[in-house]
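The structure appears below as structure tokens.
The values are calculated or read from the model by the stated rules, or taken from the named source; none is laboratory data. Treat the numbers as computed from the prediction; the structure is a model and nothing was measured. All Cβ positions, even for glycine, are placed from backbone atoms using ideal geometry, and neighbour counts span all protein chains on display.
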Ligand code: THG
């Protein structure tokens, strides 16, 4: 499974502080810790600050690429201008995810050409102008519509990752199951992939890591291709290591044993 490290997000108070203070050391520490823990990409989200998102995005990417030129980044913003800024500033040697489009056509029209031009991978949320769907079937309908748009725009669907939007089980108890049903159904649309922001599932519950770990294992079995999560959380690294063994994706259990030696198992 492809891992996108979520920790550089301005909704986290320490990150917001670091952005405001232009504390490069803290941002680099967060990136390195996630890379060491196995992150393939580093998500960058600075949408929620009192500052200027475009300038903040510019600064974070400049800091990261100057110290870690091979870093793969995931540009996470509801603002297409911030995404555009990130794409023009990034001169590193790594790969890029754009996070994200939805089924809303004006947003697709703005962002899809950038994804084609910069040859990025692209996350598509299965929601549209009507909001977030409840059932697996509605999620698949939106995904189908997005696939058509994206193909017309000349984007390779192999690089399209659908986020079927997991919601908190504490308040919406049927949603985890609908999400899990949506994964194989969306993959059945063709050569497309699936992703999720893991920690939403446990929002409002105590001991969130327990729920996150169980859900990650179930989603892995359902065929989830990628996840946005905190790879430094040992509940999560344990679930990832064990799932890879059980799904025959870890030859000789080498990854699991390495995780044990590196003290990444709980
Ligand atoms: N889908 C997509 N992108 C996303 C999300 C998604 N980007 C943002 C978000 N959801 C994923 N990223 C974060 C980043 C930080 C936190 C949660 C999700 C966070 N977590 C708490 C913290 O660190 O204090 C607690 C987390 C926990 O206890 O597990 O702040 O869904 N495409």
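Quick notes on this one:
- Residues that are surrounded by fewer than 19 Cβ atoms within 10 Å (Cβ to Cβ) and within 17 Å of the chain's Cα centre (by Cα), drawn from the stretch 10-32: 11, 12
- The residues of the stretch 189-215 that are touching a residue at least 40 places away in the same chain (Cβ under 8 Å), under 17 Å from residue 144 (Cα atoms) and more than 17 Å from the chain's Cα centre (by Cα), listed by number, are 189, 190.
- Inclusion of residue 151 among residues that are without any contact (Cβ under 8 Å) to a residue 12 or more places away in the chain and assigned to a helix (DSSP H, G or I) is warranted.
- Qualifying residue in the stretch 130-150 (condition: within 11 Å of the ligand (Cβ to nearest atom), surrounded by 23 or more Cβ atoms within 10 Å (Cβ to Cβ) and closer than 28 Å to residue 44 by Cβ): no
- Scanning the stretch 167-184 for residues that are within 15 Å of residue 132 (Cα to Cα) and in a helix (DSSP H, G or I) turns up 175, 176, 178, 179, 182.
- Exactly one residue among 83, 123, 75 is modelled with pLDDT of 95 or more and either farther than 27 Å from residue 199 by Cα or part of a helix (DSSP H, G or I) (or both), and that residue is 83.
- Restricting the stretch 33-48 to residues that are farther than 21 Å from residue 240 by Cβ and crowded, with 17+ Cβ neighbours inside 10 Å leaves a set whose member that is nearest to the ligand (Cβ to nearest atom) is 45.
- When residues of the stretch 88-104 are limited to those that are assigned to a loop (DSSP other than H, G, I, E, B) and within 21 Å of residue 69 (Cβ to Cβ), the one nearest to the ligand (Cβ to nearest atom): 95
- Residue among 115, 109 that is modelled with pLDDT of 95 or more, under 17 Å from the mean Cα position of the chain (by Cα) and more than 21 Å from residue 222 (Cα to Cα): 115
- As a summary of the residue check, residue 176 satisfies the conditions (1) more than 10 Å from the ligand (Cβ to nearest atom); (2) more than 19 Å from residue 122 (Cα to Cα); (3) under 16 Å from the mean Cα position of the chain (by Cα) except for the one numbered (3).
- Residue match in the stretch 196-204 (condition: under 21 Å from residue 134 (Cα atoms), assigned to a helix (DSSP H, G or I) and in contact with a strand residue (DSSP E or B) (Cβ under 6 Å, 6 or more places away or on another chain)): yes
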